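Step one of this worksheet: look at the structure below.
Any read-out appearing in this document is the output of simple, stated calculations on the displayed coordinates, not a laboratory observation. Predicted model only: the values in this text are computed from it and were never measured. Positions of Cβ are generated from backbone atoms using ideal geometry, with glycine treated the same way; all protein chains shown enter the neighbour counts.
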Amino acid sequence: MAVAEESEKLTPERPPVCSVCIANYNGRDVIDACINSVINQDCGYPFEIIIHDDASTDESADYIAAHYPQLKLIRSDRNVGYCISNNRMAAQAWGRYLLLLNNDATLYPDALRALHTKATRESGPVILTLPQYNAETGTLVDRGLRLDPFLNPVPNLDPTRTEVSSVHGACLWVPSGLWHEIGGFPEWFHMLAEDLYLCCEARLRGAKVMVTPRSGYRHRIGYSIGGGKVQGTHLATTFRRRALSERNKTFVMTICYPSPILWLMLPLHMLLLLTEGLLLSAIRLDSRILSGIYIFALRGVFAHRRQLREHRRAVQRRRTITRLAFFETFNPLPHKLIMLWRYGLPRIRESP
């Protein structure tokens with residue numbers, strides 16, 4: 001069964017099994033493929049589709065309303081970012097599970113079935129994703145993510161490893177109960193690394209983060225915010241993506257790393273960020289790299305210090321696993337060094 005028929009109206013008393021939440025901003029060119037990949041799912045249970053349009057300027061919202069009237073559309077009168085978009089959809093969702101899906105992602109036909117099967121076979125709450133494939137080339141990108149000690153994502157390509165550290169928010173399945181217990185995405189993150197935060201806090205609570213062994217989704221990586229992928233033989237990114245990523249990863253480390261590991265890692269992490277910024281700025285002869293990315297990230301930590309302190313206290317009080325267990329799915333080697341060896345210095349351009 002796909003989206004419930006009009007004769008089978010979904011209600012809070014008769015909820016769907018899954019609520020597919022699609023965050024859309026200026027996705028007119030990709031939204032048809034995304035929505036239709038969900039509508040055409042062969043999963044055997046009812047689900048709903050919720051779309052949040054984040055004040056698009058390409059008439060996306062009007063197009064969705066006209067062509068998909070059966071879907072629940074939330075229109076924002078101003079651009080609020082990815083975190084608030086998903087929190088709004090989750091607040092209106094009736095499903096036992098949520099599937100957060102990017103507008104530039106398309107599901108394999110059996111994706112919802114594979115996710116539900118895996119979720120119901122686990123004994124406790126679990127955050128899931130599917131194997132991710134590059135929409136342009138069809139090549140496998142990852143089977144979820146491991147993390148290095150500085151919270152840089154390391155693609156998992158091992159088909160035998162199903163438990164991972166984190167998953168992409170482009171395709172993230174989570175029990176709605178766990179989502180609401182955690183409180184969704186911190187809205188002051190705005191965008192990027194909010195998925196990392198959700199997975200890290202879930203693991204601190206004893207939940208697993210896993211990838212399904214089959215099915216998958218295709219993703220136009222970098223479509224929404226630019227960068228974040230290898231182009232040719234170099235890693236391409238943007239000032240905005242890199243700045244928000246470095247800042248928000250530092251947020252997650254500050255909130256989620258158990259003491260006393262945090263007091264060792266956080267000063268080292270900040271020193272390495274500053275060193276990286278100085279070196280990249282000197283090599284590229286561009287002072288904006290230091291100021292626009294690395295100083296921005298460090299200033300962000302200082303500016304949000306009260307929120308971080310309060311959030312950390314709440315998260316650490318709820319921790320149910322040991323300090324070392326949190327790092328069991330981590331890779332020991334710094335991933336940036338591996339990327340530097342493979343692709344050289346990243347190419348950083350203005351945001352699209």
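Couple of notes before you dig in:
- Computed label-point distance, nm, for sites residue 70 and residue 160 using a 7 Å Cα→Cβ extension: 4.4
- Based on DSSP H segments of at least four residues, each scored -39500 (n - 2.57), the chain has a per-residue ellipticity at 222 nm of -11500 deg cm²/dmol.
- Overall form of the range 115-168 per C-alpha gyration tensor (a/c, 1.5; a/b vs b/c): oblate
- The stretch between residue 285 and residue 55 holds 79.1 nm of extra length on full extension. This uses 0.36 nm per residue minus the Cα-Cα distance.
- Site pair residue 309 and residue 261 shows an inter-label distance of 2.4 nm when each label is modelled 7 Å from Cα along Cα→Cβ.
- Considering only 69, 131, 153, the Gaussian network model of the chain with Cα springs below 10 Å gives its largest mean-square fluctuation to 69.
- FRET E, pair residue 39, residue 271, Förster distance 41 Å, beta-carbon r, rounded to 0.05: 0.25
- Prolate/oblate/rounded label for the range 82-124 (Cα gyration tensor, a/c 1.5): oblate
- Shown in residue order for the range 81-88 are the 3J(HN,Hα) couplings computed by the Karplus curve 6.51 cos²θ - 1.76 cosθ + 1.60 at θ = phi - 60°: x, 5, 5, 5, 4, 6, 4, 5 Hz (x for Gly and Pro).
- Beta bridges assigned by DSSP with both partners in the range 89-218 are antiparallel in approximately 70 percent of cases.
- The phi torsions of the range 254-259, fed into the Karplus equation with coefficients 6.51, -1.76 and 1.60 and a -60° offset, translate into couplings of 4, 7, 9, 5, x, 6 Hz, rounded to whole numbers, with Gly and Pro shown as x.
- Relative to the globular-protein estimate of 2.2 N^0.38 Å, the Cα radius of gyration of the range 229-349 stands at 1.16.
- Full extension of the chain segment joining residue 324 with residue 214 gains 36.6 nm, where the gain is 0.36 nm per residue of separation less the Cα-Cα distance.
- For the chain, the tally of Lys pairs with Cα-Cα distances below 16 Å comes to 4, considering only residues 8 or more apart or on different chains.
- Relative exposure of 336, 249, 72, judged by other C-beta atoms within 10 Å (fewest first): 336, 72, 249
- DSSP bridge analysis restricted to the chain gives an antiparallel fraction near 40%, rounded to the nearest 5.
- Legend: calculated FRET efficiency, residue 32 to residue 77, from the Cβ-Cβ distance at R0 = 30 Å, rounded to 0.05, equals 0.80.
- Building the convex hull from the alpha-carbon atoms of the chain and averaging its projection over directions returns 17.3 nm².
- Burial ordering of 221, 64, fewest other beta-carbon atoms within 10 Å first: 221, 64
- Comparing mean-square fluctuations of 298, 280, 115 from a GNM of the chain with C-alpha springs under 10 Å, the top value falls on 280.
- At a Cβ-Cβ separation cutoff of 4.7 angstrom, cysteine residues of the chain with no neighbouring cysteine are 18, 21, 34, 43, 83, 171, 199.
- FRET efficiency, residue 14 to residue 117 (Cβ-Cβ, R0 22 Å, nearest 0.05): 0.50
- Fluctuation leader among 283, 74, 49 - the chain, Gaussian network, Cα springs under 10 angstrom: 283
- For residue 74, nonlocal amide neighbours, meaning residues 5 or more places apart or on other chains whose placed amide H falls under 5 Å from its own, are 51, 52, 53.
- Likely footprinting exposure, 20, 154, 252, fewest C-beta neighbours within 10 Å first: 154, 252, 20
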